[in-house]
Amino acid sequence: MLEVRGLTKRYNRIPAVDRVSFSIRPGEILGYLGPNGAGKSTTVKMLIGLIEPTIGEILFHGRDVRADWPGFLSQVGYVPEEPHLYPQLSGLEYLQLVGRLRGIGRAVLEPRMDQLFRLFSLWEDRHAPLSAYSKGMRQKVLVSAALLGNPELLILDEPFSGLDVNAAIVLRTLIRALADEGKMILYSSHVLEVVEKVCSTVLILRKGKAVAHDRVERLRGLLAQPSLEGVFAQLTEQEDPARVVNGLIAAMRS
């Protein structure tokens, strides 16, 4: 189980993430939501060790991850929001690099890469440089890299970015199937319709603080909202879209 307790990150005494706590058990998918600047990416960066928390704990199976960061990260698959890859490498070379850094033996790595390339329809392009890949193709490479080590915990930050409809359906089905196999999944996204379909529970951030953490159905009932989109808009105090649209049209005509 992943446990986050009172996780806080301050910059010049201003909290970007403020005492956030949650847990993810095997088989659970936690939707991690919030408007831009709410603290989602900061949380993810703390979880994968890119930035140090100001205070708070991250426990994995009851142990503080800071006691063994390499051991914890060996059990984590991460899909970042932006596909920053080495453009001079081919897709095949990139997955080889990731696999070797993870210590996966060649006998396991080679057939696993072949399967991923075929299943993500990248087989014909595996030797092409990543600079020639479309955004959706690069996203498939990132997802493949995250799955390569068969991790216990998946951290997905806008994983559907750039994917076509068919690839998005495959990934959505895959996320559910991985949870059914006992994987723990943190899924950060702005695509609320997908979150509503795949996530066991959701946590909604506003200005660094958790303003809701519960099952989607329960939140809809408590707030008398027909959808997660309505729950999100109410809790994060979003402006009325119709009013904004009317203002934009008026600005265009002025």
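Read the figures in this text as sums done on the coordinates, not as results from a lab. All of these numbers come straight from a predicted model, not from anything done at the bench. Heads up, the Cβs are rebuilt from the backbone with ideal geometry, glycines too, and the neighbour counts pull from every protein chain shown.
Going from the residue with the fewest nearby Cβ atoms within 10 Å to the one with the most, E196, E82 rank E82, E196. The stretch between L50 and D214, if pulled fully straight at 0.36 nm per residue, gains 56.3 nm over its current Cα-Cα span. The chymotrypsin sites (Phe, Trp or Tyr not before Pro) found in the range 23-85 include none that occupy coil by DSSP while having at most 13 further C-beta atoms within 10 Å. For the range 12-71, trypsin sites (Lys or Arg not before Pro) are listed when DSSP marks them as loop and at most 13 other Cβ atoms sit within 10 Å of their Cβ; the list is R13.
Protection proxy ranking for 163-174, 93-104, using the average of other Cβ atoms within 10 Å per residue and placing the highest first: 93-104, 163-174. Adding -39500 (n - 2.57) for every DSSP H run of four residues or longer, then dividing by how many residues the chain holds, sets the calculated 222 nm ellipticity at -12000 deg cm²/dmol. Annotation: extensible slack from Y11 through R102 equals 29.5 nm (criterion: 0.36 nm per residue apart, minus Cα-Cα distance).
For the residue pairs K135/K209; K45/K140; K135/K207, alpha carbon separations beyond 28 Å are given by K135/K209; K135/K207. Per-residue 3J(HN,Hα) values for the range 36-42, derived from phi via the Karplus relation 6.51 cos²θ - 1.76 cosθ + 1.60 with θ = phi - 60°, read 4, x, 6, x, 5, 5, 5 Hz in sequence order (x marks Gly and Pro). Based on C-alpha pairs under 8 angstrom that are at least 6 apart in sequence, the chain has a relative contact order of 27 percent. Mind grabbing the base-10 log of I(q)/I(0) for the chain at q = 0.09, 0.10, 0.12 Å⁻¹? Debye formula, identical points on the C-alpha positions, no solvent, two decimal places. With no solvent term, the Cα-only Debye profile gives -0.44, -0.54, -0.77. Between the amide H of A212 and those of I204, distances stay under 5 Å, these residues lying 5 or more places away or on another chain, with hydrogens modeled in the peptide plane. Taking Cβ atoms as reference points and 9 Å as the exclusive limit, the residues near Y133 contribute a net charge of +2, counting Lys and Arg as +1 and Asp and Glu as -1. Amide H contacts of S90: L130, each under 5 Å away and 5 or more positions distant or on a separate chain (H built 1.01 Å from N in the peptide plane; Pro and chain starts excluded). Using a Debye calculation, one point per C-alpha and no hydration shell, please list log10 I(q)/I(0) for the range 88-145 at q = 0.19 Å⁻¹ in order. Rounded to two decimals, the profile gives -0.59.
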